1. What tally of residues in the stretch A:125-172 results from selecting those that are in a loop (DSSP other than H, G, I, E, B), more than 10 Å from chain B (Cβ to nearest Cβ), crowded, with 23+ Cβ neighbours inside 10 Å and at negative phi?
2. Quick check on residue A:83: is it in contact (Cβ under 8 Å) with a residue 12 or more places away in the chain and more than 24 Å from residue A:161 (Cα to Cα)?
3. If residue B:77 satisfies every condition in (1) over 12 Å from the mean Cα position of the chain (by Cα); (2) surrounded by fewer than 22 Cβ atoms within 10 Å (Cβ to Cβ); (3) facing chain A (nearest Cβ under 8 Å) but one, which is the exception?
4. Can you pull out the residues in the stretch A:307-322 that are farther than 18 Å from residue A:341 by Cα and either part of a loop (DSSP other than H, G, I, E, B) or at pLDDT 95 or above (or both)?
5. Is there any pair with a first residue in the stretch A:185-204 that is facing another protein chain (nearest Cβ under 9 Å) and assigned to a loop (DSSP other than H, G, I, E, B) and a second that is at pLDDT below 95 and surrounded by fewer than 17 Cβ atoms within 10 Å (Cβ to Cβ) whose Cβ atoms are under 6 Å apart and which are 6 or more apart or on different chains, and what are they?
6. Of all residues in the stretch A:54-67 being over 17 Å from residue A:137 (Cα atoms) and buried (at least 24 other Cβ atoms within 10 Å of the Cβ), which is nearest to the other protein chains (Cβ to nearest Cβ)?
7. Looking at residue A:21, is it farther than 23 Å from residue A:209 by Cβ, more than 21 Å from the chain's Cα centre (by Cα) and part of a loop (DSSP other than H, G, I, E, B)?
8. Go through (1) closer than 30 Å to residue A:243 by Cα; (2) under 20 Å from the mean Cα position of the chain (by Cα); (3) surrounded by fewer than 17 Cβ atoms within 10 Å (Cβ to Cβ) and name the single condition residue A:119 misses.
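The values are calculated or read from the model by the stated rules, or taken from the named source; none is laboratory data. Small disclaimer: the values here were computed from a predicted structure and weren't measured. All Cβ positions, even for glycine, are placed from backbone atoms using ideal geometry, and neighbour counts span all protein chains on display.
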């Protein structure tokens with residue numbers, strides 16, 4: 001450990017750490033010799049990467065496969081307007097190098113999969129999970145269990161955050177708390193359910209703090225505890241969690257999309273519903289054929305943008321059957337096409353409709369290909 | 001007996017509230033409670049993954065619930 005040395009610039013930069021009695025230069029040495037992989041450079045990844053970089057973690061892996069999008073900037077404070085359209089890992093590295101040139105960054109511009117996860121994670125001491133979907137959460141967990149790496153976990157939804165430390169010193173892991181994923185489509189992602197912008201800043205900072213405690217060996221970590229935060233009511237809860245004797249032993253990585261009920265495109269396995277493209281809908285509008293257009297989104301989504309369809313939110317669809325025509329084509333749409341497919345499946349099962357068509361790609365496809373002046377959300 | 005049930009995430013949408021008072025027969029396990037909740041709130045049948053904590057601790061298999069216990073329902077969330 002004493003082989004880790006610091007330059008004058010580094011000593012000055014980290015001076016506020018060095019003068020904390022519990023932390024001191026030993027803690028800083030441990031950070032400098034550590035290798036941390038941050039999976040996901042989104043809402044949680046932003047504060048994680050900024051604070052781990054500022055704090056002087058020696059080697060930081062940045063993993064993401066996406067590009068920066070306008071809708072990221074509401075919460076992903078790592079990125080600027082100039083970064084939109086560029087690979088997230090490259091934009092992140094550019095910002096982070098500017099923040100701390102003493103850190104060694106390793107960029108992984110790929111999707112973490114069962115084929116590459118063990119190979120990537122094995123070179124790190126610890127993983128911080130800031131991903132945004134269930135398949136990757138189970139993948140990160142299982143890979144960390146197999147390789148014996150601590151997994152500093154956080155997750156967010158609307159106004160709520162969860163934080164814990166998994167697989168650390170014999171403590172519980174994700175599957176002890178949640179043995180199986182929820183059915184696809186039931187628990188919305190940030191893109192579907194929304195998230196208040198400052199929440200990942202709060203939760204990702206708590207996650208960064210746990211990473212720094214584990215690396216430096218100070219304090220009591222959240223291992224064996226699940227922290228819950230509700231930003232709306234400002235209520236916090238710390239629940240004791242333990243290993244579940246019924247959790248099966250994890251021996252190898254599996255197909256996590258399949259495990260989570262998703263197909264190869266990451267979409268829920270839809271029942272076979274009839275589909276119509278946005279171009280076909282446009283042609284239908286321009287023709288004289290009679291049809292009905294139903295929008296199964298929520299009223300507050302309708303207010304952002306709409307196709308002047310009849311608004312019947314998904315939750316009310318089975319109770320509104322009298323509003324749905326059975327003697328002409330009925331086009332059902334939502335934001336992306338997922339909820340409308342569910343609506344059609346429910347209606348066909350319960351009421352035997354055979355005239356329902358799902359608008360493929362939803363209003364997002366319409367905004368992309370028919371009316372580019374329409375706002376996407 | 002009367003219980004306080006606190007809900008997070010999608011469980012909140014199912015209960016229609018952050019917190020409810022719930023009446024149930026004496027001496028039930030948390031598994032019994034969930035079966036009861038599924039009858040009152042059928043959407044819980046769809047939520048196949050749900051962590052239950054009793055008085056701030058993850059409920060062990062078969063753990064019984066007593067009067068005035070606080071039960072917290074925590075579905076997984078995936079956002080990042």
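1. 1
2. Here the answer is yes, as residue A:83 does meet what is asked.
3. Against the list (1) over 12 Å from the mean Cα position of the chain (by Cα); (2) surrounded by fewer than 22 Cβ atoms within 10 Å (Cβ to Cβ); (3) facing chain A (nearest Cβ under 8 Å), residue B:77 comes up short only on (2).
4. Correct list: A:308 only.
5. Pairs that qualify, where the first residue is facing another protein chain (nearest Cβ under 9 Å) and assigned to a loop (DSSP other than H, G, I, E, B) and the partner is at pLDDT below 95 and surrounded by fewer than 17 Cβ atoms within 10 Å (Cβ to Cβ), are A:186/B:46.
6. A:60
7. So residue A:21 does not fit the description; no.
8. Failing condition for residue A:119: (2).
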